[in-house]
Ligand code: C5P
């Protein structure tokens, strides 16, 4: 059954802690991305790990291999469960990340970012890709798989063909999840039931939870939807 990850895209530490407190009975997996990490640093990661929560460190590392090897080593030593690197960083960078993980904390899973869920076909053409999103995602996923990373971030819309090519245990982490299909900066969105049916391993939800008047209620609804669709 897919696990729900709540994305703590919050710039005030006390507000992030308030959400964690509100969700404490229901959520054990949190994503720390660029917003909280830049605003108040890595302490929140240690705090979450110390209190028995799981952390998805989503800083989408993309740099030269030596920098990535050292950065991934730091992240793994904090005990994060998942971390992201951009597959666009290329083979040498991905292999450096896997090497650092293997010697530091074999329990950390390295997840490759393919094409961000905020991109459309027109967006990737503008930055110079000639393939459409599906082809580009598949190509990047092949490179990541070949280099020994543990899974990818992708949109639910790509899960069908990706799951056919990459069975478990290759992990599929899906953001861009909405209660109803909506229109914001995310272009390739899906509902929880679509994500479950298509074979997601992790469902990442940010704003629908953290901007809600009642985050616990929203989480409970998402979890119910996961269970109902998994049972079918
Ligand atoms: O608020 P929302 O549910 O759109 O949050 C989705 C989260 O997942 C954000 O933190 C975003 O940075 C992250 N993410 C994404 N697309 C990716 C990788 C990560 O939306 N390809």
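The values are calculated or read from the model by the stated rules, or taken from the named source; none is laboratory data. Because the structure is a prediction, the values reported are computed rather than measured. Cβ coordinates were reconstructed from backbone atoms using ideal geometry, including for glycine residues, and neighbour counts include every protein chain displayed.
All but one of (1) within 15 Å of the ligand (Cβ to nearest atom); (2) more than 13 Å from the chain's Cα centre (by Cα) hold for residue 155, so report the exception by its number.
Residue 155 satisfies every listed condition except (2).
Please determine whether any residue of region 168-180 is within 15 Å of the ligand (Cβ to nearest atom), farther than 21 Å from residue 27 by Cα and modelled with pLDDT under 95.
Scanning region 168-180 turns up at least one residue that is within 15 Å of the ligand (Cβ to nearest atom), farther than 21 Å from residue 27 by Cα and modelled with pLDDT under 95.
Can you find a residue that is farther than 30 Å from residue 47 by Cα, within 18 Å of the chain's Cα centre (by Cα), buried (at least 17 other Cβ atoms within 10 Å of the Cβ) and within 15 Å of the ligand (Cβ to nearest atom) anywhere in region 113-121?
Yes: one or more hits.
In region 20-84, which helices (runs of 4 or more DSSP H) lie fully inside it and hold 1 or more residues that are within 12 Å of the ligand (Cβ to nearest atom) and without any contact (Cβ under 8 Å) to a residue 24 or more places away in the chain?
Details: elements: 34-40, 43-50, 65-77.
Of the helices (runs of 4 or more DSSP H) lying wholly inside region 20-84, those with at least 1 residues that are within 12 Å of the ligand (Cβ to nearest atom) and without any contact (Cβ under 8 Å) to a residue 24 or more places away in the chain span 34-40.
Is region 85-108 home to any residue that is under 29 Å from residue 215 (Cα atoms) and without any contact (Cβ under 8 Å) to a residue 40 or more places away in the chain?
Yes, region 85-108 has at least one match.
Please determine whether any residue of region 198-209 is away from the ligand (no atom under 16 Å from the Cβ), in a helix (DSSP H, G or I) and closer than 29 Å to residue 18 by Cβ.
Within region 198-209, the first condition is being away from the ligand (no atom under 16 Å from the Cβ), and the residues that meet it are 199.
When the remaining residues are screened for being in a helix (DSSP H, G or I), the result is none.
There is no residue in region 198-209 that is away from the ligand (no atom under 16 Å from the Cβ), in a helix (DSSP H, G or I) and closer than 29 Å to residue 18 by Cβ.
Look through 131, 122 and report the one residue that is more than 12 Å from residue 94 (Cα to Cα) and either modelled with pLDDT of 95 or more or outside any helix (DSSP H, G or I) (or both).
When all the criteria are applied, what remains is 131.
So, in region 134-181, of the ones that are touching a residue at least 40 places away in the same chain (Cβ under 8 Å) and in a helix (DSSP H, G or I), which residue ends up surrounded by the fewest Cβ atoms within 10 Å (Cβ to Cβ)?
Among residues in region 134-181 that are touching a residue at least 40 places away in the same chain (Cβ under 8 Å) and in a helix (DSSP H, G or I), the one surrounded by the fewest Cβ atoms within 10 Å (Cβ to Cβ) is 146.
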